[in-house]
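Visitor: Please read through the structure below; I'll follow up with questions.
Laboratory data are not the source of any read-out in this text; all were calculated from the coordinates shown. Everything quoted here is computed from the prediction, not taken from an experiment. Backbone-built Cβ (ideal geometry, glycine too); neighbour counts: all protein chains shown.
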Amino acid sequence: MPNIYQSAMFNAQRFPGKVAVSDAASSLSFGRFCERARALALYLEGFGARPGERVAIMADNSIDYLALMHAAAVTGFILVPVNIRYSADELLYLLNDCEPRVLIVDPEFRPTVAMIEERLGGSIAILDALPADLPDHDALSVLARRFGTVADDDVAIILYTSGTTSRPKGAMITHGNLAWNAINYMVELGVDETARAILATPLFHVGGFGVVNGPVLYAGGSLHILPRFRPRDTLDVLHTVKPTHLFLLSTMWVGLTDLPDFTEHSVPSVTFVQTAAAPLGEWRQEQIRQVFSKAEFSWGFGQTESCVTTIKNRYTHEILTHPGSTGYFWRHFNYRFVDEQRELLADQNGPGILEIRGPTIFKGYWRQPELTAETLSPDGWLHTGDIIRLDSDGFAYFMGRSKDMIKTGGENVAALEVENCLVRHGQVAEAAVLGMPHEYWGEELVAAVVPAGNTVPDVAELRAFCRAQLAAFKVPKRFVILDALPHSSSGKVQKFMLKDRIRSMLDQDSP
């Protein structure tokens, strides 16, 4: 069965000497890239990273990061990308949960690791760097060197994603999932060996590799890596690398379009641009179409559990003639709409809660069989929790989330996790966290707090309290102090009523 390393080896034979990956300092052909993947796999095996064992990495994007993703197919270890924004507490939870043999960490994030190192008990080999020169020796058989050693259903990556529970959960993405995601892009968008892309989205999210970038490499194209997204650097690289494909999250597009000279640029090499995560103002979309005048503009819809994309348009005119649509379902998926009880709706155009089935659907949540059973049916249907409707032309429209999830700046934040943090503060009796519309963040985290007793919580203190325990993107941007929260007869906070109240309060505060 296919895997991404096998495809890279195919490209090494088909396109000898062609650059597969590059960064500001170096580049590797497909052949050299595969050599590096094999060398890293065998090097990590010396630390116990054998089939099924985990290797965690907390680092910026790099050539070696991509090589490790391919190396997982060589010897069968499982890569666990770590969000570089995690607090020490969140990192400790992840490491205790997945129990990696190895943690690879960039020096910048070493202080976070140092805060929890004593509690790890010395069970994890912590590597501050990977050796630059490693031999590509003959420890592997001919077939293992050519195709890797994994099966289609073996887990390749565990991606931790925030859910409706108070802790992140590890979504198990298989080698087959990654390969089929690339195949979908090749079929649906025509990605081939002539494609070039810039990787600026973080590899600790499924979109970093899964959207455009991984498929370009799988097809035999070339991928230029930026360690992180910075608007000015990215704009400069667009002129020097001249990519054909570009995927950025909505917040990144906001950063680019906010550059004062953005519209003075022209990037005719790009033939396809895509955004995801949050809506963009029409004026920003128009600026993007102006600068990338030769490109088709695409939205997209998906999630970690579906190895990213399930809905997308290919051509700009499709979303211009279907305003608000995110595109159409790709051909290798079955989809259906159900109600809150997961009963099939009579009207299969929705709106309803989306369930999907196909070759990119994940294997389940790491060590959480109950949650896996709630999310994934025995016959392979993924319950997304997202409400979708179709128009008469089959174009899909995202109507909201049935689960209490907030998407801010491309990051998923579970409201419950932030609420649980806030109520641990001595001056907070109750808290509810909402996502309010925001042009830059997509959704802005707003916390409604009920004081404990006769106290008056200090907002700066609450923000610092959250920041000490949560990643920065999970810290509410605004706090509203209320006498009480609206509750239903069953005691649940009625967030729809609370949202209307807060919206009215914020409108009154606006100049």
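Visitor: Could you tell me which of rounded, prolate or oblate describes segment 405-509, using a ≥ b ≥ c as the square roots of the eigenvalues of the alpha-carbon gyration tensor, with rounded for a/c under 1.5 and, failing that, prolate when a/b is larger than b/c and oblate otherwise? Kindly include the intermediate steps, with their values, before the conclusion.
Guide: Numbers: a/c = 1.43, a/b = 1.11, b/c = 1.29.
Rounded shape, in that the Cα axes give a/c under 1.5.
Visitor: As an exercise, take the mean of 1/r over every pair of distinct alpha carbons in segment 383-446, invert it, and state the Kirkwood radius in angstroms.
Guide: On the way: mean 1/r = 0.0737 Å⁻¹.
Across segment 383-446, the inverse of the average 1/r is 13.6 Å.
Visitor: Near the amide H of F77, under 5 Å away, which other amide H atoms are found, from residues 5 or more places off or on another chain, if H is placed in the peptide plane?
Guide: So F77 has HN proximity to G52.
Visitor: Right, something else. Please go through segment 206-293 and write out the trypsin sites (Lys or Arg not before Pro) that DSSP classes as loop and that have at most 16 other C-beta atoms within 10 Å. Mind showing how you got there, number by number?
Guide: Working: sites: R228, R232, R284, R289; in loops: R228.
Hits after loop and neighbour filter: R228.
Visitor: Compute the length gained on full extension between A139 and L345: take 0.36 nm times their separation in residues and subtract their Cα-Cα distance, giving the result in nm to one decimal. Numbers along the way, then the final one.
Guide: Working: separation 206, 0.36 × 206 = 74.16 nm, distance 5.53 nm.
Gain on stretching A139 to L345: 68.6 nm.
Visitor: Also, I was wondering about something else. What Kirkwood Rh does segment 251-379 have if only Cα atoms enter the pairwise 1/r average? Answer in Å. Intermediate results must be reported in sequence, preceding the final value.
Guide: On the way: mean 1/r = 0.0586 Å⁻¹.
Every distinct Cα pair counted, the radius reaches 17.1 Å.
Visitor: For E296, what residues show an amide H to amide H distance below 5 Å, using hydrogens built from the backbone and excluding near sequence neighbours?
Guide: Residues meeting the amide H criterion: F272, V273.
Visitor: Taking other Cβ within 10 Å of each residue's Cβ, how do H70, H322, H239 sort, fewest first? Show your work: numbers first, answer last.
Guide: Details: H70 28, H322 18, H239 11.
By the 10 Å Cβ count, ascending, the order reads H239, H322, H70.
Visitor: For Cα pairs less than 8 Å apart in space and 6+ apart in sequence, what is the mean separation divided by the residue count of the chain, i.e. the relative contact order in percent? Don't jump to the answer; show the numbers that get you there.
Guide: Values: 1064 pairs, mean separation 60.4, N = 511.
Contact order relative to length: 12 percent.
Visitor: Could you point to the residue in F297, N454, P135 farthest towards the positive end of the chain's charge dipole, with +1 and -1 charges on the Cβ of Lys/Arg and Asp/Glu respectively?
Guide: P135
Visitor: Sticking with this one: Å³ per residue of the Cα convex hull, for segment 19-169?
Guide: Numbers: hull volume 18.5 nm³, N = 151.
Cα convex hull per residue, to the nearest whole number: 123 Å³.
Visitor: Report the charge-dipole magnitude of the chain in Debye, nearest 20, computed about the Cα centre from +1 at each Lys and Arg Cβ and -1 at each Asp and Glu Cβ. Mind dumping the intermediate values first?
Guide: Details: 46 positive and 59 negative charges, 104 e Å.
About 500 debye.
Visitor: In addition: Output ³J(HN,Hα) for segment 432-442: one whole-Hz value per residue in order, computed from phi by the Karplus curve 6.51 cos²θ - 1.76 cosθ + 1.60 with θ = phi - 60°, and x for Gly and Pro.
Guide: 3J(HN,Hα) across segment 432-442, in whole Hz: 9, 10, 10, x, 9, x, 8, 4, 7, 7, x.
Visitor: Next up: Within the chain, how many lysine pairs that are 8 or more places apart, or on different chains, have C-alpha atoms less than 18 Å apart?
Guide: 16
Visitor: Going highest first, how would you order 169-175, 92-98 by mean Cβ packing within 10 Å? Each step should come with its number before you reach the end.
Guide: Values: 169-175: 24.6, 92-98: 18.3.
In descending order of packing, they fall as 169-175, 92-98.
Visitor: For a Förster distance of 45 Å, can you work out the FRET efficiency between the beta-carbons of K18 and L120, rounded to the nearest 0.05?
Guide: That pair, K18 with L120, gives E of 0.60.
Visitor: Here is a follow-up. Would you compute, from DSSP H runs of 4+ residues alone, the mean residue ellipticity of the chain at 222 nm, taking -39500 (n - 2.57) per run and dividing by the full residue count, rounded to the nearest 500? Kindly include the intermediate steps, with their values, before the conclusion.
Guide: On the way: 17 runs with 163 residues, N = 511.
It comes out at -9000 deg cm²/dmol, rounded to the nearest 500.
Visitor: Then there is this: Can you compute the charge dipole magnitude of segment 246-334 about its Cα centre, using +1 on each Lys and Arg Cβ and -1 on each Asp and Glu Cβ, nothing else charged? Give it in debye, rounded to the nearest 20. Please report the intermediate quantities before stating the final value.
Guide: Numbers: 6 positive and 8 negative charges, 70 e Å.
Dipole about the Cα centre, nearest 20: 340 debye.
Visitor: Size of the dipole of segment 84-232 about the Cα centre, Lys and Arg at +1 and Asp and Glu at -1 on the beta carbon, nothing else charged, in debye to 20? Kindly include the intermediate steps, with their values, before the conclusion.
Guide: Working: 12 positive and 18 negative charges, 96 e Å.
My answer is approximately 460 debye.
Visitor: With labels modelled as points extended 7 Å from the Cα through the Cβ direction, what inter-label distance (nm, one decimal) is found for Q494 paired with T455?
Guide: It works out to 2.9 nm between the two label points.
Visitor: Next up: Return the whole-Å distance between the Cα centroid of segment 168-191 and the Cα centroid of segment 346-373.
Guide: The two parts, judged by their Cα centres, are 16 Å apart.
Visitor: When only alpha-carbon atoms count, how far does segment 55-129 stretch along each of its three principal axes, as whole angstroms with the largest first?
Guide: 32, 22, 18
Visitor: Another one. Beta carbons within 10 angstrom, averaged per residue: use that to sort the peptides 409-415, 199-205, highest first. Each step should come with its number before you reach the end.
Guide: Numbers: 409-415: 21.9, 199-205: 24.4.
Per-residue Cβ counts within 10 Å, averaged per peptide and sorted highest first, yield 199-205, 409-415.
Visitor: Packing-wise, with mean Cβ within 10 Å as the measure, how do 477-484, 220-227 rank, highest first? Please list the in-between numbers first.
Guide: Details: 477-484: 14.5, 220-227: 22.1.
In decreasing order of mean packing, 477-484, 220-227 become 220-227, 477-484.
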